[in-house]
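J.: Mind having a look at this structure? Questions to follow.
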Amino acid sequence: MPTRISEVVRKAAFALTASTVLLLSTTACTGQSATGSDDDASKETTLTFWHAWSAPNEVKAVKSLIAGFEKAHPNIQVNVVGNMTDDKINQALRAGGTKAPDVISSFTTNNVGKFCSSGALVDLNPYFEKADIDPSTTFPKAMNEYTQFDGNRCAAPLLGDAYGLYYNKTAFEKAGITAPPKTWSEFAADAEKLTITQGNTFKQLGFMPNYHGWETTTEHYLGQFSPTYFDTAGKSTIATDPAVASAFTVQKKLVDDLGGFKKLETFRSTLGDEWGPKHPFQTGQVAMQLDGEWRLGMALDAKPDFEIGVAPLPVPDDQAAQYGKGYITGTIAGIAATSKKQNAAWELVKYMTTDTDAVVAFSNAIHNVPSTLAALKSPDLKYDARFKTFLDIAANPNSTTSPASINGGVYLTTVQQLGYDYESGKVTDLKAGLQKAASQIDTDIAQAK
């Protein structure tokens with residue numbers, strides 16, 4: 001099973017977005033431009049590739065991926081450096097030098113906007129055009145979107161994550177529920193049916209809706225409502241897009257109907273952490289869980305005493321026809337602007353991100369979602385039958401992601417903070433809260449330019 005980034009590390013990476021913005025804003029595009037690369041990729045050369053994977057099975061998978069590339073390109077050797085944080089990568093992209101990476105991969109799609117706008121990573125569009133590869137028909141729609149900013153495609157997707165619904169089939173049967181919910185109204189009704197109180201707490205909670213729960217962030221909820229986030233002028237639309245208010249309202253009603261914020265938080269504080277064997281879905285304490293594709297293997301490894309079901313997350317009642325979509329994110333790969341070997345680096349990026357056999361083998365090895373449409377349909381994929389739900393979500397053209405921004409994921413932090421304040425009752429006027437948050441997002445973006 002893949003080892004995903006722990007909650008602590010992910011939150012730290014998210015908090016680093018602001019510092020990343022400051023760091024990359026000083027980054028000059030000192031390397032050669034994509035169209036100006038003059039190294040000969042057919043000559044003997046050595047590339048340096050930095051990545052963030054660290055678990056033994058993942059490190060082994062990366063080595064195998066690179067070995068496949070070196071076999072196909074015997075003149076290019078790759079020096080692989082793993083377990084590199086975004087902070088270290090950002091510093092290297094700024095500084096350059098002989099020990100800096102030529103190619104990087106990052107778990108943080110939120111930084112794509114800054115990677116592109118600062119020139120830290122080169123625009124890959126000329127390379128794709130020269131190779132006669134159309135990203136829009138090569139990559140799933142959401143992945144194609146989160147690897148570019150303002151027409152600059154400075155990254156390519158390197159496997160992805162898709163979010164869906166895990167449910168306790170045994171609990172469903174006991175509650176008389178015959179199928180997973182497809183709309184949020186059905187979901188709310190099922191969550192209440194599945195909830196069993198025990199004194200002032202819960203013997204079984206139908207769903208933990210709080211934003212501090214496991215993967216129940218604002219952007220993951222919002223993904224099912226297909227928000228725009230920004231208009232064509234780059235201004236925040238969270239106060240004017242009805243999808244945003246609808247998502248906040250649905251989540252707040254779940255919180256109130258399932259016991260209230262304080263009761264749910266008290267219960268949550270007694271539960272296991274997201275990455276250990278005592279995850280509350282795996283122990284049966286929570287009957288439904290919003291989570292990514294990696295949860296399936298982790299849950300099966302925990303050997304729960306119930307049957308695990310997997311389905312797409314529900315959609316708004318007025319979007320029932322789009323049931324099957326989900327929120328998509330993933331790992332990205334790009335070429336450092338400071339690299340003097342950008343043509344050779346492109347050969348590596350192209351192989352890792354567009355070669356079907358390579359993408360399929362890497363997906364099989366670390367159990368993440370393939371990042372090309374061809375790989376998603378490959379008969380060589382090996383997976384539990386339930387994993388196909390995530391393959392379908394990734395391929396669904398209605399699936400969504402969070403758009404890139406010039407200051408990274410700062411706007412998502414602002415939206416998430418409003419979520420915390422609204423669910424807890426600190427903010428009671430949602431309309432005013434959204435207007436204030438939108439104004440803050442616009443101010444932050446203006447200051448980042």
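J.: When only residues in segment 149-177 that are in a loop (DSSP other than H, G, I, E, B) and over 24 Å from residue 377 (Cα atoms) count, which is least open to solvent (accessible area, probe 1.4 Å)?
T.: Only one residue tops the list, namely 154.
J.: Considering only segment 283-302, state which residues are under 24 Å from residue 175 (Cβ atoms) and either modelled with pLDDT under 95 or open to solvent by less than 10 Å² (accessible area, probe 1.4 Å) (or both).
T.: First, the residues of segment 283-302 that are under 24 Å from residue 175 (Cβ atoms): 283-291, 295-296, 299-300, 302.
Residues satisfying the conditions are 286, 287, 288, 289, 290, 291, 295, 296, 299, 300, 302.
J.: Which numbered condition trips up residue 66, out of (1) part of a helix (DSSP H, G or I); (2) at pLDDT 95 or above; (3) open to solvent by 50 Å² or more (accessible area, probe 1.4 Å); (4) among the β-branched types (Val, Ile, Thr)?
T.: With (1) part of a helix (DSSP H, G or I); (2) at pLDDT 95 or above; (3) open to solvent by 50 Å² or more (accessible area, probe 1.4 Å); (4) among the β-branched types (Val, Ile, Thr) applied to residue 66, the lone miss is (3).
J.: Under 9 Å between Cβ atoms, which residue pairs at least 6 apart in sequence (or on different chains) link something in segment 425-449 that is without any contact (Cβ under 8 Å) to a residue 60 or more places away in the chain and closer than 14 Å to residue 240 by Cβ with a partner that is of a type in the set (Val, Ile, Thr) and surrounded by 15 or more Cβ atoms within 10 Å (Cβ to Cβ)?
T.: 433/427; 436/427
J.: Tally up the residues in segment 81-124 that are within 21 Å of residue 44 (Cβ to Cβ), of a type in the set (Val, Ile, Thr) and open to solvent by 50 Å² or more (accessible area, probe 1.4 Å), please.
T.: Selection size over segment 81-124: 1.
J.: Still on this structure: Could you tell me which of the residues 344, 320 is at pLDDT 95 or above, surrounded by fewer than 16 Cβ atoms within 10 Å (Cβ to Cβ) and in a helix (DSSP H, G or I)?
T.: Selected residue: 320, the only one of 344, 320 that is at pLDDT 95 or above, surrounded by fewer than 16 Cβ atoms within 10 Å (Cβ to Cβ) and in a helix (DSSP H, G or I).
J.: Scan segment 43-58 for residues that are surrounded by fewer than 16 Cβ atoms within 10 Å (Cβ to Cβ) and modelled with pLDDT of 95 or more and jot them down.
T.: 43, 44, 46
J.: Residues that are within 18 Å of residue 204 (Cβ to Cβ): list the helices (runs of 4 or more DSSP H) wholly contained in segment 261-313 that include at least 3 such residues.
T.: Filter on segment 261-313 gives 261-268, 280-283.
J.: Out of curiosity, is residue 216 surrounded by fewer than 18 Cβ atoms within 10 Å (Cβ to Cβ) and closer than 30 Å to residue 371 by Cβ?
T.: no
J.: Oh, and also: Check whether at least one residue in segment 228-241 is farther than 21 Å from residue 323 by Cβ, within 22 Å of the chain's Cα centre (by Cα), not aliphatic (A, V, I, L, M) and not in a loop (DSSP other than H, G, I, E, B), and report yes or no.
T.: yes
J.: Does any residue of segment 261-279 turn out to be open to solvent by 40 Å² or more (accessible area, probe 1.4 Å), in contact with a helix residue (DSSP H, G or I) (Cβ under 6 Å, 6 or more places away or on another chain) and at pLDDT 95 or above?
T.: Within segment 261-279 (the criterion being open to solvent by 40 Å² or more (accessible area, probe 1.4 Å), in contact with a helix residue (DSSP H, G or I) (Cβ under 6 Å, 6 or more places away or on another chain) and at pLDDT 95 or above), the answer is yes, since at least one residue qualifies.
J.: Also, I was wondering about something else. Condition first: among the small types (Gly, Ala, Ser) and more than 25 Å from the chain's Cα centre (by Cα). Now tell me which residues in segment 394-449 satisfy that. Don't jump to the end; show me each part of the working.
T.: Kept after step one, since they are among the small types (Gly, Ala, Ser), are these residues of segment 394-449: 394-395, 399, 402, 404-405, 408-409, 419, 424-425, 432-433, 437-439, 446, 448.
Within segment 394-449, 424, 425, 432, 433, 439, 446 qualify.
J.: Name the single residue, out of those in segment 101-140 being outside any helix (DSSP H, G or I) and among the aliphatic types (A, V, I, L, M), that is farthest from residue 377 (Cα to Cα).
T.: Checked segment 101-140; the qualifying residue farthest from residue 377 (Cα to Cα) is 120.
J.: Related question: Residue pairs, Cβ under 6 Å, 6 or more apart or interchain, first in segment 339-360 and in contact (Cβ under 8 Å) with a residue 60 or more places away in the chain and under 12 Å from residue 65 (Cα atoms), second open to solvent by 10 Å² or more (accessible area, probe 1.4 Å) and among the hydroxyl-bearing types (Ser, Thr, Tyr). List them.
T.: Matching pairs, first to second residue: 358/351.
J.: What are the residues in segment 125-134 that are open to solvent by less than 50 Å² (accessible area, probe 1.4 Å) and not aliphatic (A, V, I, L, M), if any?
T.: Within segment 125-134, 125, 126, 127, 128 meet the criteria.
J.: Quick check on my filter: what residues within segment 178-198 are of a type in the set (Ser, Thr, Tyr), open to solvent by less than 80 Å² (accessible area, probe 1.4 Å) and part of a loop (DSSP other than H, G, I, E, B)?
T.: The answer is 195, and nothing else.
J.: Please find, among 213, 272, 199, 259, the residue that is closer than 18 Å to residue 165 by Cα and of a type in the set (Gly, Ala, Ser).
T.: 213
J.: Taking the stated definitions as given, is residue 71 among the charged types (D, E, K, R), over 21 Å from residue 294 (Cα atoms), modelled with pLDDT of 95 or more and assigned to a helix (DSSP H, G or I)?
T.: Values: among the charged types (D, E, K, R): yes; over 21 Å from residue 294 (Cα atoms): yes; modelled with pLDDT of 95 or more: yes; assigned to a helix (DSSP H, G or I): yes.
Considered against the rule, which asks whether it is among the charged types (D, E, K, R), over 21 Å from residue 294 (Cα atoms), modelled with pLDDT of 95 or more and assigned to a helix (DSSP H, G or I), residue 71 comes out as yes.
The values are calculated or read from the model by the stated rules, or taken from the named source; none is laboratory data. Just so it is clear, the structure is predicted and the values come from calculations on it, not from any experiment. Glycine also receives a Cβ, built like all others from the backbone with ideal geometry; neighbour counts cover every protein chain displayed. What goes into the accessible areas is simple: the full protein's heavy atoms, side chains included, and nothing from ligands, DNA or RNA. Shrake-Rupley method; radii C 1.70, N 1.55, O 1.52, S 1.80 Å.
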